[in-house]
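Heads up, the thing below is written out as structure tokens.
The values are calculated or read from the model by the stated rules, or taken from the named source; none is laboratory data. This is a predicted model, so every value here is computed, not measured. Cβ coordinates were reconstructed from backbone atoms using ideal geometry, including for glycine residues, and neighbour counts include every protein chain displayed.
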Amino acid sequence: MGIKLTPDVVALYSITGGMPDGSPDDRMFELWGRERLIRENTKSRWDYCWIADWLISSHLYAIKPIDDEHSAVYIDHVCDRETLPEFLAASVYEFAEMLLMDPPSVGVVL
């Protein structure tokens, strides 16, 4: 997909493998598996890699390496094709903690 996989992203997918396609959690968050990652990222217009969505693609979550160890996580409001994704967290670990402890802080609201 043209993006370096940093150790935090590798750890996330080594542990979870992503979620089955079309099977979000009870908050409607879905971490994409390999096939969906490939399929969705052929549509990407930025140098980010989309990895997840909320509420059937109401918005997407993207990663972008910021150093050799970490990828920052961004939120992409796909309804606005001119605005770059917005920074959420400096690493996948930080994003996961925010998602688990304070879902509204990353746009997961029910």
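Suppose the filter is in a strand (DSSP E or B), touching a helix residue (DSSP H, G or I) at 6+ places or on another chain (Cβ under 6 Å) and over 16 Å from Leu5 (Cα atoms); does Leu60 pass it? Can you show your working first?
On the way: in a strand (DSSP E or B): yes; touching a helix residue (DSSP H, G or I) at 6+ places or on another chain (Cβ under 6 Å): no; over 16 Å from Leu5 (Cα atoms): yes.
When the stated conditions are applied, Leu60 does not pass them.
With respect to Glu40, is the statement that it is within 13 Å of the chain's Cα centre (by Cα), under 25 Å from Thr83 (Cα atoms) and assigned to a helix (DSSP H, G or I) true?
Numbers: within 13 Å of the chain's Cα centre (by Cα): yes; under 25 Å from Thr83 (Cα atoms): yes; assigned to a helix (DSSP H, G or I): yes.
The answer is yes for Glu40.
In the range 86-99, is there at least one residue being part of a strand (DSSP E or B), in contact (Cβ under 8 Å) with a residue 24 or more places away in the chain and in contact with a Phe, Trp or Tyr (Cβ under 7 Å, 6 or more places away or on another chain)?
To start, the set of residues in the range 86-99 that are part of a strand (DSSP E or B) comprises 86-89.
Now narrow it down to the ones that are in contact (Cβ under 8 Å) with a residue 24 or more places away in the chain: 88.
Applying the additional criterion that residues be in contact with a Phe, Trp or Tyr (Cβ under 7 Å, 6 or more places away or on another chain) yields 88.
Yes; the residues of the range 86-99 include at least one that is part of a strand (DSSP E or B), in contact (Cβ under 8 Å) with a residue 24 or more places away in the chain and in contact with a Phe, Trp or Tyr (Cβ under 7 Å, 6 or more places away or on another chain).
Restricting attention to the range 1-21, which residues are in a loop (DSSP other than H, G, I, E, B) and either at pLDDT 90 or above or touching a helix residue (DSSP H, G or I) at 6+ places or on another chain (Cβ under 6 Å) (or both)?
Step one: list which residues in the range 1-21 are in a loop (DSSP other than H, G, I, E, B), which gives 1-6, 17-18, 20-21.
Of everything in the range 1-21, those that are in a loop (DSSP other than H, G, I, E, B) and either at pLDDT 90 or above or touching a helix residue (DSSP H, G or I) at 6+ places or on another chain (Cβ under 6 Å) (or both) turn out to be Met1, Thr6, Gly17, Gly18, Pro20, Asp21.
Exactly one condition in (1) surrounded by 17 or more Cβ atoms within 10 Å (Cβ to Cβ); (2) at positive phi; (3) out of contact with any Phe, Trp or Tyr (no Cβ under 8 Å at 6 or more places or on another chain) is not met by His59; state its number.
(2)
Filter the range 23-56 down to residues that are exposed (fewer than 12 other Cβ atoms within 10 Å of the Cβ) and either in contact with a helix residue (DSSP H, G or I) (Cβ under 9 Å, 6 or more places away or on another chain) or of a type in the set (S, T, N, Q) (or both) and give me whichever is nearest to Gly2 (Cα to Cα).
Thr42
Out of the residues in the range 100-110 meeting the condition of being assigned to a loop (DSSP other than H, G, I, E, B) and among the aliphatic types (A, V, I, L, M), tell me which one is nearest to His77 (Cα to Cα). It would help to see each step written out before you state the result.
In the first step, residues of the range 100-110 are kept if they are assigned to a loop (DSSP other than H, G, I, E, B); the result is 102, 107-110.
Now drop any that are not among the aliphatic types (A, V, I, L, M), which leaves 108-110.
Details: Val108: 13, Val109: 15, Leu110: 17 Å.
Only one residue tops the list, namely Val108.
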